[in-house]
Every structure is written in structure tokens, then in C-alpha cells.
Amino acid sequence: MEPFYRRIDEDRFESTPATAGPWRPDAQHAGPPSALLARAMELHEPRDGMRLADVRTDILGPVPVAPLTISVQTLRGGRSMELLEATAVADDGRPALIARAWRIQRAPEDFPPLAETIDEAVDGPPEASTRIESLIPGASRAGYSQSVEWRFVEGGVGTGGASRVWGRQLIGLVDEEEPSPWQRVLVLADSGGGVTFSLDPTQHRFINCDLHVALNRDLEGEWLQMDAASRASGGHGGIVHDVLSDQRGRIGVALQAMVAQDV
């Protein structure tokens, strides 16, 4: 299977059909390009003993399934923490996504654990017979839907806005590269609204304009558990909140601001 992206040169990437989202074959799911921006920030002037702590991606419009040019800059340097910014620009010159991340100095290995952050092992993903390829009724089964695997533990699409589900990406992010833990998380975390979808998509729209992920430690392995809840308030808007875990325990949280509309 082809990866989400093929490198054209150092900062330019071809978007493969695997990036296509559930609604249009020419528009990307926001998970892969968010991970592509994180990759750029991880590679930008790296220093030993530093890690990404959080990544906030703002979606500036539809991301075309077309070449993307990625740029990175340091907004605030420092010895123990630095603020980075990465932008994905489409071929027409339009910025499609922009992300900021704090890169921080790693904690000492013997740093005393706080009570609420002591790892508690969780059961791994259930058997593959529970795999669901397309989360949203009426959505495309091509592209991104075929490039990730979901296994529900509780809830599911149309069951009330809350789900606990394991997921993993089935293909690489960039050709001939192993995805980093941060890249694996971001490919999946943008699907928080999808794994809790409880509305008729022909009648209602529930789409995110951003994705904010903070991790207290890196993902171990390829599977990510999302304990996700969608909330919407008439006359206002909505959010999706996810608690993220691997098989050793909780690793962080994700938050999305949602636009809730009638079609």
C-alpha cells in the first residue's frame, strides 16, 4: 500500500489518494497533514533530550489532495522550551494548515510520578473481527478510511456521542520512513468526531476547525486508544474531548472545536 505522502524534495510532498477524507476525493482528512507538520517540527534543528509536548493545528480550509510545501520556523527559542510553527501551503499559494508546537526538555528518568499520572495498564485492542472501515454512514470507504484500522471497545457511530476505540495506521506517513510516535497519534486523533458521530450526515454537519493534542509521554507501539466524547449545545457549538492511551496506560489528551450546523 502506498504511504500518505511521497517526498518530492526536502520540503515538498506529493499527497497520495490515501490522504482523501470521507466527503470528497479531492480533499484530505486532516489527520495525515497534521502529522506531516509535526514531522517537520520534529526534524527542525533537533537537539538531544528534547521532545514535542503539544501540537495545535488550525485547519485554514480544505486541504487538497495535491502537492504540499512545508515550512518551519522557531518563534521562541530557549534552553528548556521552544515554540515552533509549521505551515502547509498548497500549489495555488494558499496556506491550508498551520501548526504550533512546544518542544521541551525531557524530564529526568527518575522524576517522581504524580499520583494521577502513574501508568495503569489497559486491555489491548479486541479481535480484528470488530474492525470497522468506514466510520460515518454514507462516507467514502476509500482513501483515509482504508489506511487506518479501528476496533471499538465501547460505543460506536450512532450510539450517543461517546466511544472507546483502538486505532492504528496501516501505511507509512512518508515513503520509506517509520512514523514517529507523535506522527502516529496525530494521524488518528483528528478522527475524534468520526468515532463518536451520532448525527445523520445528510441533515447535520459536525466538523472541526482545529486539533490540539498534548502528550505527557510518547506513544509506545502502533496502537492508540481514544476514549472520545462529543458534546454540542444548541445555539452555541461543540467540542470533542479524547483521553489518549497505549497499552501501558494514559499518554495524553486531545481537544477539537466543532462547527455544528444543519446542512
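No value in this document is a laboratory result; all are computed from the given coordinates. Quantities reported herein were computed from a predicted structural model and do not represent experimental measurements. Here Cβ is always computed from backbone atoms with ideal geometry, including for glycine, and neighbour counts include all displayed protein chains.
Taking packing as the residue-averaged number of other Cβ atoms within 10 angstrom, the listed peptides 143-153, 227-237, 26-36, 8-18 run from highest to lowest as 26-36, 143-153, 8-18, 227-237.
Reported value for the chain: 138 Å³ per residue, from the convex hull of its C-alpha atoms. Across q = 0.25, 0.26, 0.31 Å⁻¹, segment 162-215 modelled as identical point scatterers on its alpha-carbon atoms has Debye log10 I(q)/I(0) values of -1.08, -1.12, -1.29, in the order of the q list. Seen from residue 90, the other residues with C-beta closer than 13 Å to its C-beta sum to a net charge of -2, counting Lys and Arg as +1 and Asp and Glu as -1. The spacing between segment 19-57 and segment 232-252, judged by their C-alpha centroids, is 19 Å. Across all C-alpha atoms in segment 49-95, the radius of gyration and Dmax reach 13.3, 38 Å. Note on segment 12-107: Cα-only Rg and Dmax are 14.1, 44 Å.
Where Lys and Arg each count +1 and Asp and Glu each count -1, what net charge lies around residue 81 among other residues with Cβ under 12 Å from its Cβ? Intermediate values should be presented prior to the final figure.
Working: positive: 47, 51, 76, 79, 103, 106; negative: 54, 82.
Residues close to residue 81 contribute a combined charge of +4.
Please give the net charge around residue 164, taking every other residue with its beta carbon less than 12 angstrom from that of residue 164, where Lys and Arg add +1 and Asp and Glu add -1. Let's see the in-between values first.
Numbers: positive: 151; negative: 123, 154, 227, 242.
Here the charged neighbours net out to -3.
Taking N as the number of residues in segment 176-263, what value does Rg over Cα atoms divided by 2.2 N^0.38 Å take? Could the numbers behind the result be given before it?
Working: Rg = 14.2 Å, N = 88, 2.2 N^0.38 = 12.1 Å.
Scaled against compact globular proteins, the figure is 1.18.
Protection proxy ranking, highest mean first, for peptides 170-180, 97-107: 97-107, 170-180, where packing is the per-residue count of other beta-carbon atoms within 10 Å, averaged.
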